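Have a look at the structure below before the remarks.
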Amino acid sequence: MTVRTRFAPSPTGHLHVGGARSALFCWAFAKRHGGRFLLRIEDTDQKRSSAEAGLGFLADLEWLGIDWDEGPEHDGHGGGDSGPYFQSKRLPIYEEYFQKLIESGAAYPAFETTEELAEARREARARKEAYRYDRASLSLSPETVKQYLEEGRPHVLRFKVPDDRELVVHDLVLGDVRLAPGELEDFVIRKADGFPTYHFAVVVDDALMEVSHVIRGQEHLANTPKHVLLQEALGFPHPAYAHVSLIFNPDGSKMSKRDKDKLLRAQVKERGIESPPGGIDEATWTTWLGDKTVQLSADQAMVLASELHVDLPEIDVADFQQAGYLPDVLVNYLALLGWSPSDGQEQFDQDFLVSQFDLDRIVKSPAKFDRDKLLAFNLDALQDMSEDDFVERFRGFCEVHHPEVLAHFTDENFRRFAVANKERSKTLLDPIRTGGFFLADDESITWEAIKPVRKALCNGEPCGYDRLEAILPTLREAEDWTVAGLESLIESWAEAHAEGNLGKVAQPIRVAVSGGPVSPPIYDTLVILGKDASIRRMERCLSHREALCPTA
RNA sequence: GACCCCAUCGUCUAGUCAGGUCCAGGACGUCAGGUUUUCAUCCUGAAAACAGGGGUUCGAAUCCCCUUGGGGUCGCCA
């Protein structure tokens with residue numbers, strides 16, 4: 001049997017890490033078995049599917065290196081003979097199967113309104129009972145039904161669930177899952193607007209697209225008996241099922257896009273901030289603060305986060321991309337969430353994943369997303385790169401996310417900047433985050449009187465300021481402003497004036513030119529900055545001596 | 001609330017299906033040392049788990065039951 005798997009997201013913006021992992025497992029499984037991986041867009045909700053919600057996840061999948069053999073056409077991927085791959089374009093197909101079920105008596109029209117059902121559910125809840133549809137419309141006389149239909153009454157189609165037998169789902173990771181007779185209600189398969197519900201569309205499409213293995217999140221487990229029933233009624237074979245557990249935040253809550261807003265809201269309240277930052281208007285701000293279900297746009301959230309100096313939690317694949325993670329590392333880490341290779345290897349590439357992946361090594365229990373471990377993997381991957389590779393990766397990252405960095409440097413200096421930062425970068429964003437002083441104007445550098453700054457500049461006898469003042473003339477006269485030139489210059493100066501203790505000289509210089517205690521190796525830093533800027537910054541720092549080191 | 005799923009270090013997991021080689025292994029994190037012109041690395045070492053209770057068995061992390069805890073579903077959302 002040919003293996004065919006599919007990932008079937010609804011078109012709601014970006015790809016979530018949970019979805020990415022499902023897609024990855026489907027992809028790896030198909031590849032492992034020489035099968036095909038398809039992508040299908042589940043856009044049967046007319047209320048939600050909008051053009052601007054978009055197909056952003058196609059780019060996310062592509063970035064991760066998860067390519068699809070069949071599906072929407074995008075950048076050379078997709079196409080295929082089992083299309084269309086958008087469910088909204090398959091309505092006539094579904095209609096054909098609806099008719100089959102109506103004719104066989106397996107489906108029937110139901111005329112209750114949404115409000116009536118909501119009321120019934122409320123009542124059942126008040127009585128502390130589980131609500132199941134009472135089949136009221138099933139007991140309508142044929143004449144009444146006929147009359148209602150002729151009147152054009154709005155109605156849905158419900159599937160008549162056989163209630164005389166136990167339902168079993170054979171799951172490749174969970175084993176057999178059983179459901180007692182009568183637990184399932186007659187669920188809706190066609191909405192009043194004529195669109196199929198998820199349950200119906202998924203069954204028809206999986207069958208028609210000859211999907212052999214359905215690998216998806218465990219939130220679908222409870223739905224699967226419905227699908228099995230539908231397959232039987234329609235005469236379709238059952239695909240093999242594999243339900244993988246969910247991914248959670250470290251605190252055990254479900255990883256959700258709302259987490260970003262949750263964090264921001266908490267920060268805003270904690271600090272008692274009342275007015276919105278630029279980019280967010282007053283009205284948006286007020287409703288957002290007052291309503292927990294309202295989300296800021298990605299841009300607005302970023303503005304606010306940078307205003308508050310907090311890091312937003314990464315939730316979507318795009319967040320990790322922007323935060324400077326490597327796609328191969330994310331894929332590696334995601335694969336490890338719920339799966340592990342038999343030899344225990346933890347860091348691997350996609351070829352290895354494909355060669356090793358199988359469903360029988362998937363774990364049943366849910367996993368918490370550990371950003372520290374991801375970060376450690378990203379660091380390892382970055383450090384393992386050659387300088388050239390790193391420079392190119394970093395350049396690519398800047399092109400997309402930080403063109404201002406590229407614009408600031410000459411090619412030669414960009415390379416120097418990248419290489420100098422490589423060894424302490426955990427992400428591609430780190431050089432930019434910790435190297436802001438490189439990009440800043442000489443006149444805008446400030447020195448905060450924090451402990452490490454004061455230590456470098458004010459403490460000791462002679463103190464850093466004394467040494468800075470002493471070495472400045474030497475630096476002014478330096479002709480060979482290169483790493484080698486500065487190295488011999490500063491080291492011999494340290495030899496002569498600081499008992500050979502390089503730190504006593506380097507750290508004051510570092511603080512002076514960067515404004516803080518952290519920078520790449522000092523010679524690299526000075527060369528990237530250039531002589532003029534370095535000298536100017538040291539002079540300015542010197543002029544702030546009184547403010548930083550008040551003489552008591 | 002009903003139904004379903006799950007349960008090994010703080011976290012991800014190996015080991016569970018085929019009970020003994022497991023006083024439980026690895027990784028991330030943590031802690032303690034060391035290297036380093038800062039930070040980050042890097043090196044060495046340490047602490048750290050079979051949720052609880054009953055069985056079955058010569059023997060249980062592994063099999064069974066109960067309890068507890070966590071999660072999912074219960075939509076004309078997917």
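A short reminder: the numbers here are calculations on the coordinates, not readings from a lab. All of these numbers come straight from a predicted model, not from anything done at the bench. Here Cβ is always computed from backbone atoms with ideal geometry, including for glycine, and neighbour counts include all displayed protein chains.
In degrees from 0 to 90, rounded to the nearest 10, what is the angle of the helix A:483-497 Cα long axis to the longest principal axis of chain A? Approximately 50 degrees, to the nearest 10. Explain nothing, just the number: relative contact order of the range A:90-244, from Cα pairs under 8 Å at least 6 residues apart, as a whole percent. Answer for the range A:90-244 is 24 percent.
Its relative contact order, with pairs defined as Cα atoms under 8 Å and 6+ residues apart, puts the range A:442-548 at 38 percent.
Look at the Cα gyration tensor of the range A:198-239: its axes a ≥ b ≥ c give a/c of at least 1.5 with a/b at or below b/c, and that counts as oblate. Put the Cα centre of the range A:510-534 next to the Cα centre of the range A:313-337 and the gap is 32 Å.
Annotation: amide H-H contacts under 5 Å for A:Phe7 (H modelled 1.01 Å from N, sequence separation of 5 or more, or interchain): A:Leu38, A:Leu39, A:Arg40.
Cβ crowding within 10 Å ranks A:Cys541, A:Cys549, A:Cys398, A:Cys26 as A:Cys549, A:Cys398, A:Cys541, A:Cys26, fewest other Cβ atoms first. Model label sites at A:Glu546 and A:Ser492, defined 7 Å from Cα along the beta-carbon direction, differ in position by 3.7 nm.
Can you give the angle from 0 to 90° between the axis of helix A:531-543 and the longest principal axis of chain A, with both taken from C-alpha atoms, to the nearest 10? With both axes taken from Cα atoms, the answer is about 80 degrees. Output the 0 to 90 degree angle, nearest 10, between the alpha-carbon long axis of helix A:502-514 and the longest principal axis computed from the alpha carbons of chain A. The two axes meet at around 60 degrees. Taking chain A as a whole, the Cys residues whose C-beta sits 4.7 Å or farther from every other Cys C-beta are A:Cys26, A:Cys398, A:Cys463, A:Cys541.
By the count of neighbouring beta-carbon atoms within 10 Å, fewest first, A:Phe369, A:Phe417, A:Phe159 end up ordered A:Phe369, A:Phe159, A:Phe417. Residues A:Thr410, A:Thr12 in ascending order of nearby Cβ atoms (within 10 Å, fewest first): A:Thr410, A:Thr12. Rounded, prolate or oblate: which fits the range A:385-434 when a ≥ b ≥ c are the square roots of the eigenvalues of the alpha-carbon gyration tensor, with rounded for a/c under 1.5 and prolate only if a/b beats b/c? Because its axes are fairly even, with a/c under 1.5, the range A:385-434 counts as rounded. Where the alpha-carbon atoms of chain A are placed on the principal axes, they occupy 105, 53, 36 Å, in descending order. Computed from the C-beta positions of A:Arg433 and A:Leu149, the FRET efficiency with R₀ = 41 Å rounds to 0.05.
Oblate is the label for the range A:90-244, because the ratio a/c of its alpha-carbon gyration tensor axes (a ≥ b ≥ c) is 1.5 or higher and a/b is not greater than b/c.
Global dimensions of the range A:442-548 from alpha-carbon coordinates: Rg and Dmax equal 12.4, 34 Å. With a Förster radius of 41 Å applied to the C-beta separation of A:Lys100 and A:Phe248, the computed FRET efficiency comes to 0.50. For the range A:407-412, 3J(HN,Hα) computed residue by residue from phi via the Karplus equation (6.51, -1.76, 1.60; θ = phi - 60°) reads 5, 6, 9, 6, 3, 5 Hz, glycine and proline entered as x. One quarter of the convex hull surface built on the alpha carbon atoms of the range A:227-272 amounts to 5.4 nm², the projected area averaged over directions.
The trypsin sites (Lys or Arg not before Pro) of the range A:241-318 that meet both conditions, a loop assignment by DSSP and at most 14 other Cβ atoms within 10 Å of the site Cβ, are A:Arg271, A:Lys292.
For the range A:68-156, the set of chymotrypsin sites (Phe, Trp or Tyr not before Pro) satisfying both a DSSP loop assignment and a count of at most 15 other C-beta atoms within 10 Å is given as A:Tyr131. Here the extension length gained between A:Ala118 and A:Asp480 equals 122.3 nm, from 0.36 nm per residue of separation less the Cα-Cα distance. Where only DSSP H runs of four or more residues are counted, chain A gives -14500 deg cm²/dmol as its mean residue ellipticity at 222 nm, each run worth -39500 (n - 2.57). Among the trypsin sites (Lys or Arg not before Pro) within the range A:1-101, those in coil by DSSP and having at most 11 neighbouring Cβ atoms inside 10 Å are A:Lys47, A:Arg48.
Pair-distance distribution of the range A:248-352: all C-alpha pairs, bin width 5 Å, starting at 0; shares per bin in whole percent are 2, 10, 19, 19, 15, 12, 8, 7, 5, 3, 1, 0.
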